[in-house]
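Shown next, in structure tokens, is the structure this report addresses.
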Amino acid sequence: EIDAPGLKYINFRDEQSDRVVVKNLSSLFMIDIDAKLNVEKMKKGVISAFLDGVSGVRHMIISRPTLEVLHPYFKHGTIKFRNLSRLEA
């Protein structure tokens, strides 16, 4: 578990990303996600909490495979990226 209230940038790449918990990301400016998320092993609440935690970012880079896994969570509209000004997918 990582508690990082002052973190500005995170590069999230790992086949074991389903084991990492990051919280308190209110200062996060940019995130680069290319993780092989295993949604079968992860609880739905963990993914939603992660997305909620990074929802304040202004710049997001997300790989196609990661986007495909997370698409159902975006599709329901429960997570809003209100500060997002740059998206690279």
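The values are calculated or read from the model by the stated rules, or taken from the named source; none is laboratory data. The shown structure was predicted, so the numbers you read here are calculated from the model rather than taken from an experiment. Glycine also receives a Cβ, built like all others from the backbone with ideal geometry; neighbour counts cover every protein chain displayed.
For segment 30-45, the candidate set comprises residues that are closer than 19 Å to ARG13 by Cβ and surrounded by fewer than 14 Cβ atoms within 10 Å (Cβ to Cβ); within that set, the residue that is modelled with the highest pLDDT is ASN38. Across segment 57-78, the number of residues qualifying as in a loop (DSSP other than H, G, I, E, B) and buried (at least 16 other Cβ atoms within 10 Å of the Cβ) comes to 2. Close contacts from segment 71-85, counting a first residue that is charged (D, E, K, R) and a second that is in a loop (DSSP other than H, G, I, E, B), with Cβ to Cβ under 8 Å and a gap of 6+ residues or different chains, come to LYS80/SER55; ARG82/SER55; ARG82/GLY56. Scan segment 56-66 and tell me whether some residue there is of a type outside the set (A, V, I, L, M) and at pLDDT below 85. Checked segment 56-66: no residue is of a type outside the set (A, V, I, L, M) and at pLDDT below 85.
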